[in-house]
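Below is one structure; the comments refer to it alone.
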Amino acid sequence: MAEFKFTDAGKNATAKSGGSGNKTGTIVFIVVIVIILLAVVFNCFTIVNEGFIGVKYQFGRIIEDDLQAGLNFRIPFVEEIDQVDIRDQIYSVNANAYTSDTQSVQNLQLKLNYRYSSAMLSNIIRDTGISNVENKLLVPNVAKIAKDAIGKVKAEDLVQTRSEVQATIQNKLTEVLDPYGIIVTAFAIENLDFDPAFEASIQEKVIAAQDALKMENKTREKEEEAKQIVIAAQADADSQVAIAEAEAQAIALIEEQLANSPNYIDYYKLQKWNGVLPQVIGDGVNPFIALSDSKATTAASGTSSVPSYVPSASASEE
């Protein structure tokens, strides 16, 4: 009878196969654990972007509402961090209104700039809700307050004092919304449409006022020109008086000098002489040239000499 012999080869193969499977399972387990750990670690941090503020919830309850921009820690599966935009928000609405003189204002475009108060962020979330701010606070207040303010002024005044009316509305909105944590940063009335006939009358009135202002400016200009002419004439008269007084003083000084010194007339003639000698001299007494006694004696003795000339008063006149 044939005998079958069993060896340990099968057992060894089975052992090797089992060992290899155990190693693979261990590696897979380790990889899974690492992935879970990494996921937990990454879930421990939340990034808050610039322009936003982080609000941390623990099982739905707010525990922090002032997380700044950057990386912020949280406990995974226990805490959550939401971001709230604290930059300026814009709310726009179109409405119709009436002025105090019953003029209809059509297509009234109102624009409100606002932001959330960081200090009251928790109250806004609890009492109103970030997503409900517009419907609960802005819709019922902005148009109403604007209509009330416009209804207290005349249509013509509304056109001319638009900025003042805007400031009044903004102040009232600030008073109403501030307790809810809504900070009003700006308000504007971007469009005003009146009845065409009323707009035409306003335009005519504005043109008439401008024309009157132009005429008033021209009148002032003429008055100023007249004043300048009077001032110039007065200045010229004062100048002439000053010149006359100066000449009178000069004449008085000359007369005084002549009275005190008879020889001053010869000096005065010399000052006025232009240095040109006459070309013709008559037989009579020459009123222009006078020869000194010393020079005349020299000429009589025959000695050659250059005569000395002294101009008379007539020389200056020539």
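Of note:
- Residue 49 being open to solvent by 20 Å² or more (accessible area, probe 1.4 Å), of a type outside the set (A, V, I, L, M, F, W, C) and within 25 Å of residue 184 (Cβ to Cβ): yes
- Contacts under 6 angstrom Cβ, first residue in the range 182-196 being modelled with pLDDT under 95, partner part of a strand (DSSP E or B) and surrounded by fewer than 13 Cβ atoms within 10 Å (Cβ to Cβ), 6 or more apart: 191/107; 193/107
- Any chance residue 129 is at positive phi and open to solvent by less than 60 Å² (accessible area, probe 1.4 Å): yes
- Verdict on residue 66 being within 25 Å of residue 181 (Cβ to Cβ), in contact (Cβ under 8 Å) with a residue 24 or more places away in the chain, charged (D, E, K, R) and exposed (fewer than 14 other Cβ atoms within 10 Å of the Cβ): yes
- The criterion of being over 30 Å from residue 56 (Cα atoms), in contact (Cβ under 8 Å) with a residue 24 or more places away in the chain, of a type in the set (Gly, Ala, Ser) and open to solvent by 50 Å² or more (accessible area, probe 1.4 Å) holds for residue 100.
- Close pairs (7 angstrom Cβ cut-off, 6 or more residues apart or separate chains): open to solvent by 40 Å² or more (accessible area, probe 1.4 Å) in the range 142-165, assigned to a helix (DSSP H, G or I) and at pLDDT below 90 anywhere: 156/202; 159/202
- Test result for residue 212, in a helix (DSSP H, G or I), out of contact with any Leu (no Cβ under 8 Å at 6 or more places or on another chain) and not aromatic (Phe, Trp, Tyr): yes
The values are calculated or read from the model by the stated rules, or taken from the named source; none is laboratory data. Here the structure is a predicted model, which is why all the values come from computation and not from measurement. Virtual Cβ from ideal backbone geometry, glycine too; neighbours counted across all protein chains shown. Each accessible area value is taken on the protein alone, full model and side chains, heavy atoms only, with ligands, DNA and RNA left out. Shrake-Rupley method; radii C 1.70, N 1.55, O 1.52, S 1.80 Å.
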